[in-house]
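Below is one structure, written out as structure tokens; comments come after it.
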Amino acid sequence: FENLLTFHHQMEAVSHIAAGVAHELRNPLSVIKGFLQLAQLTNDHQKYYDTIMSEMNRMNSILEDFLSVSRKKMERRWQSPVQIMNSLTEIMKAECLLHDVEFKLELAETEKQIYVNESMVKQVMLNLLRNSVEAFGESNSNRVLSIETRVQEENYIIQVMDNGKGMPESVLNQLGKPFFTTKERGTGIGIPLCKKIIEDHGGSFRVDSTYSIGTNVIVSLPLGT
Ligand code: ADP
Ligand code: MG
């Protein structure tokens with residue numbers, strides 16, 4: 001009986017995930033289809049290229065998120081946190097530019113390394129970036145996203161701060177629950193996944209947020225010698 005119950009719960013989870021993936025992918029897919037049709041009708045292909053590309057990237061990261069929930073093994077290497085952050089700056093800048101967000105970056109130098117799966121750490125950063133970008137309302141004219149890193153004791157701290165809409169108590173209380181989302185097009189796996197990835201790396205993940213003021217996510221990863 002217990003097995004049956006577990007199975008039922010698992011199937012429920014699977015169907016939830018399947019529905020989430022389908023729902024999430026349908027939207028960018030239809031945008032891509034529409035833009036390809038438009039591109040065919042006109043000669044101005046360049047105009048549609050950026051949107052198609054960014055929607056493809058969006059689909060890719062959604063699939064990445066869903067896949068990594070079930071991914072078991074995690075290959076890690078010693079790597080420079082500064083290098084990892086540097087290799088993300090171009091894509092983060094582009095994303096901010098695209099969404100009319102001012103991007104500030106302050107990276108602390110260190111010779112020390114972190115023991116990580118690089119693509120997972122990047123995935124965390126891109127998830128946080130995406131959440132921040134999505135937290136800016138239409139009316140918010142002074143949109144700033146800032147990323148600051150520092151070395152604190154034996155840890156590399158990465159802070160992702162935005163002055164977006166912030167979270168009320170009711171949202172903060174639910175944050176981290178799988179599939180919790182306040183967005184029409186949300187999956188609710190971004191934050192739980194980020195938390196899991198960072199904790200699997202022996203680090204810590206914290207979210208501070210004030211409603212209508214902004215959000216500050218603090219990621220801490222242990223440094224080697
Ligand atoms: P999703 O982005 O698909 O909704 P997440 O797990 O990434 O799922 O985030 C869960 C919820 O947490 C979001 O729906 C949103 O309400 C809230 N949230 C996350 N990041 C931010 C942020 N930077 N600013 C405001 N709200 C946020
Ligand atoms: Mg998200």
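Annotations for the structure displayed:
- When I189 is tested against (1) more than 24 Å from K73 (Cβ to Cβ); (2) at pLDDT below 95, only condition (1) is not met.
- Identity of the residue in segment 63-113, loosely packed, with under 13 Cβ neighbours inside 10 Å, among the basic types (K, R) and part of a loop (DSSP other than H, G, I, E, B), that ends up nearest to the chain's Cα centre (by Cα): R71
- For T51, the stated conditions hold: it is β-branched (V, I, T) and either under 22 Å from L98 (Cα atoms) or touching a residue at least 60 places away in the same chain (Cβ under 8 Å) (or both).
- Within segment 161-181, the set of residues being β-branched (V, I, T) and at pLDDT below 95 comprises just one member, T181.
- Residue list for segment 127-166, filter: more than 16 Å from ligand 2 (Cβ to nearest atom), within 13 Å of H99 (Cα to Cα) and part of a strand (DSSP E or B): V144
- If the condition is being closer than 27 Å to E118 by Cβ and part of a loop (DSSP other than H, G, I, E, B), then segment 182-201 contributes G186, T187, G188, I189, H201.
- Scanning segment 161-189 for residues that are surrounded by fewer than 19 Cβ atoms within 10 Å (Cβ to Cβ), polar (S, T, N, Q) and either over 17 Å from the mean Cα position of the chain (by Cα) or more than 6 Å from ligand 1 (Cβ to nearest atom) (or both) gives S170, N173, Q174.
- Test: R206 is more than 17 Å from the chain's Cα centre (by Cα), surrounded by fewer than 19 Cβ atoms within 10 Å (Cβ to Cβ), within 22 Å of L105 (Cβ to Cβ) and more than 9 Å from ligand 1 (Cβ to nearest atom): no
- Out of I91, I191, sole residue that is touching a residue at least 24 places away in the same chain (Cβ under 8 Å), touching a strand residue (DSSP E or B) at 6+ places or on another chain (Cβ under 8 Å) and among the hydrophobic types (A, V, I, L, M, F, W, C): I191
- Members of segment 119-145 that are farther than 25 Å from G188 by Cβ and surrounded by 15 or more Cβ atoms within 10 Å (Cβ to Cβ): V144
The values are calculated or read from the model by the stated rules, or taken from the named source; none is laboratory data. As the structure is a prediction and not an experimental result, all values here were calculated from the model. Backbone-built Cβ (ideal geometry, glycine too); neighbour counts: all protein chains shown.
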